[in-house]
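Report on one structure; see the data block that follows.
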Amino acid sequence: MSNQSWTAEQIPDQSNRVVVVTGANSGLGLATTRALARKGAHVILAVRDEAKGRRAVAEITAEHPRASLEVRQVDLADLDSVRSFSEDLHADHSRLDVLINNAGLMAPPRTLNAQGYEVQFAANHLGHFALTGLLLDLLEAGDNPRVVTVSSPNHRQGTIFFDDLTGERKYSPMGYYNQSKLANAVFGWELHQRLTAAGSPVRSVLAHPGYTATNLQTSSPVGMVKFLFGSLLKPLAQSPDQGALSQLHAATAPNVAGGQFIGPDGMGELRGSPKVVQLAPRASDAETCRRLWELSEEQTSVRFAFRAAA
């Protein structure tokens, strides 16, 4: 499937659909939120900083006064915060149609979260694993429900360091970023397998934005990584509106199937229109999938309760 000219204008009507976008206040998340709100979705901005979330809402409603938006605080690097977010969402919503696992950290100095896990693995993977599991019942009550997990071409260079998950013995900022992006890919694929086996109505789809100019490259990286992605290569980057097309396509296009990986069609998948791209073989390796899933359950204390379609 290739979508040479697919644009955000081709997003189907999203009226009455409820969507959660993590990291929705800037970059790809903001572009995704804006495009979905413009098409009538009720978008819940899941953000670490509520003030930034409110500013994003003000920015979108200035362009689209009828946009239906709400801001909710969640720190995906903190599993207690993820649980609180889920409990509050359950109190106010009886269903969820789309969850877009978009938020991410890139290449910071070695840092551990409140639970003692390496912060990129925690924020990029474990937080989204837990969030998806905790919201699964709302998704299964949704209409044509989807989970879109945002990975990266870097997943192809990634390794899951099962024997050194926190980087205590040997930490490399990009090595552990690549680990987290491989974990996203493994999770999205294994979630697809488990949803399919259960006969669940929920589709798990993966996406990546190519190379996009966002604050991801400048807010947490240090040293050479920050210089490389934040300065040297920036002229090659596409805009957040263009970069968000892959995850928007994954979230809304009628012809997208569970288990697909949507990325740009240009050279090196750096930019372009959304199309189905290849997952690295290691991302669908059965033993890696099983080990990461069981480890993630153990570290988050979240078990997925799959229910078949009615």
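Points to keep in mind about this one:
- Residue within segment 42-58 that is under 22 Å from Arg146 (Cβ atoms), under 21 Å from the mean Cα position of the chain (by Cα) and not in a strand (DSSP E or B) present: no
- Some residue of segment 283-303 being outside any helix (DSSP H, G or I), touching a Ser or Thr at 6+ places or on another chain (Cβ under 7 Å), in contact (Cβ under 8 Å) with a residue 12 or more places away in the chain and within 20 Å of Val148 (Cβ to Cβ): no
- Being among the hydrophobic types (A, V, I, L, M, F, W, C) and touching a Pro at 6+ places or on another chain (Cβ under 8 Å) is a property that Leu45 lacks.
- Any chance Ser152 is at pLDDT 95 or above, buried (at least 18 other Cβ atoms within 10 Å of the Cβ) and over 20 Å from the mean Cα position of the chain (by Cα): no
- Criterion applied to Leu79, Leu134, Leu89, Leu99 was being within 24 Å of Pro209 (Cα to Cα) and at pLDDT 95 or above, and the one residue passing it is Leu99.
- Residue pairs meeting the criteria (Cβ under 6 Å; at least 6 apart or on separate chains; first in contact (Cβ under 8 Å) with a residue 24 or more places away in the chain and closer than 25 Å to Gly188 by Cβ, in segment 87-114; second in a helix (DSSP H, G or I) and of a type in the set (Phe, Trp, Tyr)): Met106/Tyr177; Ala107/Tyr177
- Taken over segment 151-210, the criterion of being closer than 15 Å to Gly259 by Cα and in a loop (DSSP other than H, G, I, E, B) is satisfied by Ser151, Gly199, Ser200, Pro201, Val202, His208.
Yes or no, residue by residue, for (1) surrounded by 17 or more Cβ atoms within 10 Å (Cβ to Cβ); (2) in contact with a Phe, Trp or Tyr (Cβ under 7 Å, 6 or more places away or on another chain); (3) among the β-branched types (Val, Ile, Thr); (4) more than 16 Å from Gly133 (Cα to Cα):
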residue	(1), (2), (3), (4)
Val71	yes, no, yes, yes
Asp80	no, no, no, no
Leu99	yes, no, no, no
Ala107	yes, yes, no, yes
Gln120	yes, yes, no, yes
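- Restricting attention to segment 114-147, the residues that are more than 18 Å from Ser296 (Cβ to Cβ) and either of a type in the set (Phe, Trp, Tyr) or not in a loop (DSSP other than H, G, I, E, B) (or both) total 4.
The values are calculated or read from the model by the stated rules, or taken from the named source; none is laboratory data. Bear in mind the structure is a predicted one, so any value in this text is a computation, not a measurement. Positions of Cβ are generated from backbone atoms using ideal geometry, with glycine treated the same way; all protein chains shown enter the neighbour counts.
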